[in-house]
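I have placed the structure first, in the form of structure tokens, so that the comments after it can refer back to it.
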Amino acid sequence: MGWLSRTFRPDAGDVAEATAPAAGGAPPAPSVPVPAAAGRTTGASSPQGRYGPLVSVTRFDTAPPELEWQLPLNGELYRVVPGSDRPDYSLFVLERPVHFYPRDGFDLDRVEPEQQVQDRKGRTMVRVHALLLCARFVGQQLHPGMTDLAVNLAYVIDNSLARDAEVDFAKIEFAGTGFLSEGHAPGHDTETAATTRHTTSDVLDELAWTLRHGIEELRGAPLHRMTAAITVDGDHRLTGLSGNADGQAPVPTPDTFGRMAEVLGRLAELDGGERIASVTLRVDDGGVGHEVTGTHG
């Protein structure tokens, strides 16, 4: 992990600025403290930011909808922080903060009042400036040149974690699973994110990715080609799955069906999505596609 190895040297005057999610929102929250650039590791082939290697999350395997709307997540790998269960958690300082809806039972006293903001409908969101991540599968780790490395992601809800010698799990909250790549991905206008990303086509492509990675997770091997036919009822619940995935049935992990249900649930909010009855999902090595083959009514 020499690619991302540093000694933490705080500089109170060197902080990243935050932005509110919408006009009229709460004032910016204090950002994660970061050290001066003098301690940065350099590398000829890896794009570097001010504090460390540039990386991005461009898609998720499983995550709440509000994170999908904020893709891509660009930022820098700041430092490695060991945990009680593994030595290689990495602090991912975000280029711009992300916001999430706290789950039922989440104690808002765990975050500073300045991190609590309102969305345009008056619902409370929590603003964070960093994520904690680690490679999802045994035997893998962050490395130069990585593309779509499967990672576990957690929100850093207490910025003091940046100064800790070991991960304090009370200072994080699980976010989801996604895919990390070296370098920054092209951004988008956050004001139009909901309309540019929330189309029926986007949701069905996400459904294909979800099924693909569920199959790969079960098999422990990459999936190269798949043609899978799914059917859904009038309430967008999965009622059938069949097809061929590299010569076998397209069977994913049991957890994948829950993730697919979450994705399918978004169709009700989309023009034309509410009538979909059957879809063919396709995988061809690095890409996915879909074709609507039937509608209700």
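The values are calculated or read from the model by the stated rules, or taken from the named source; none is laboratory data. Because the structure is a prediction, the values reported are computed rather than measured. Cβ atoms come from the backbone with ideal geometry, glycine included; neighbour counts cover every protein chain shown.
Quick notes
- Qualifying positions in the stretch 198-238 - assigned to a loop (DSSP other than H, G, I, E, B), surrounded by 14 or more Cβ atoms within 10 Å (Cβ to Cβ) and among the aliphatic types (A, V, I, L, M): L223
- Some residue of the stretch 175-182 being farther than 28 Å from E217 by Cα and not basic (K, R): no
- Test: residue in the stretch 132-150 that is in contact with a His (Cβ under 8 Å, 6 or more places away or on another chain), farther than 15 Å from R59 by Cβ, outside any strand (DSSP E or B) and not aliphatic (A, V, I, L, M): no
- Residue satisfying all of: in the stretch 35-71; touching a helix residue (DSSP H, G or I) at 6+ places or on another chain (Cβ under 8 Å), more than 19 Å from R96 (Cα to Cα) and not β-branched (V, I, T); modelled with the lowest pLDDT among these: G43
Yes or no, residue by residue, for (1) surrounded by 15 or more Cβ atoms within 10 Å (Cβ to Cβ); (2) out of contact with any helix residue (DSSP H, G or I) (no Cβ under 9 Å at 6 or more places or on another chain); (3) not β-branched (V, I, T):
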| residue | (1), (2), (3) |
| --- | --- |
| P82 | no, yes, yes |
| D109 | no, yes, yes |
| P113 | no, yes, yes |
| C134 | yes, yes, yes |
| L142 | yes, no, yes |
| G145 | no, yes, yes |
| A150 | yes, no, yes |
| I157 | yes, no, no |
| L161 | yes, no, yes |
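- Test: residue in the stretch 239-256 that is closer than 27 Å to E66 by Cα and among the hydrophobic types (A, V, I, L, M, F, W, C): no
So that you can scan it fast, the table gives a plain yes or no per residue for (1) hydroxyl-bearing (S, T, Y); (2) at pLDDT below 90; (3) in contact with a strand residue (DSSP E or B) (Cβ under 6 Å, 6 or more places away or on another chain); (4) closer than 13 Å to L67 by Cα:
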{"position": "D85", "(1), (2), (3), (4)": "no, no, no, no"}
{"position": "L91", "(1), (2), (3), (4)": "no, no, yes, no"}
{"position": "D104", "(1), (2), (3), (4)": "no, yes, no, no"}
{"position": "V126", "(1), (2), (3), (4)": "no, no, yes, yes"}
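- Of the criteria (1) surrounded by 14 or more Cβ atoms within 10 Å (Cβ to Cβ); (2) within 18 Å of T62 (Cβ to Cβ); (3) at pLDDT below 95, which one P254 fails: (1)
- The number of residues in the stretch 262-274 being part of a helix (DSSP H, G or I) and surrounded by 14 or more Cβ atoms within 10 Å (Cβ to Cβ) comes to 8.
- Where strands (runs of 3 or more DSSP E) fall entirely within the stretch 63-119, those with at least 3 residues that are closer than 18 Å to Q141 by Cβ are at 73-81, 89-100.
- Among residues of the stretch 220-245 that are within 16 Å of L204 (Cβ to Cβ), those with a beta-carbon under 7 Å from a residue that is of a type in the set (K, R) and modelled with pLDDT of 90 or more at least six positions away or on a different chain give the pairs M226/R282; T227/R282.
- Qualifying positions in the stretch 166-205 - at pLDDT 85 or above and in the same structural domain as L270 (by TED's automatic domain parsing): L204
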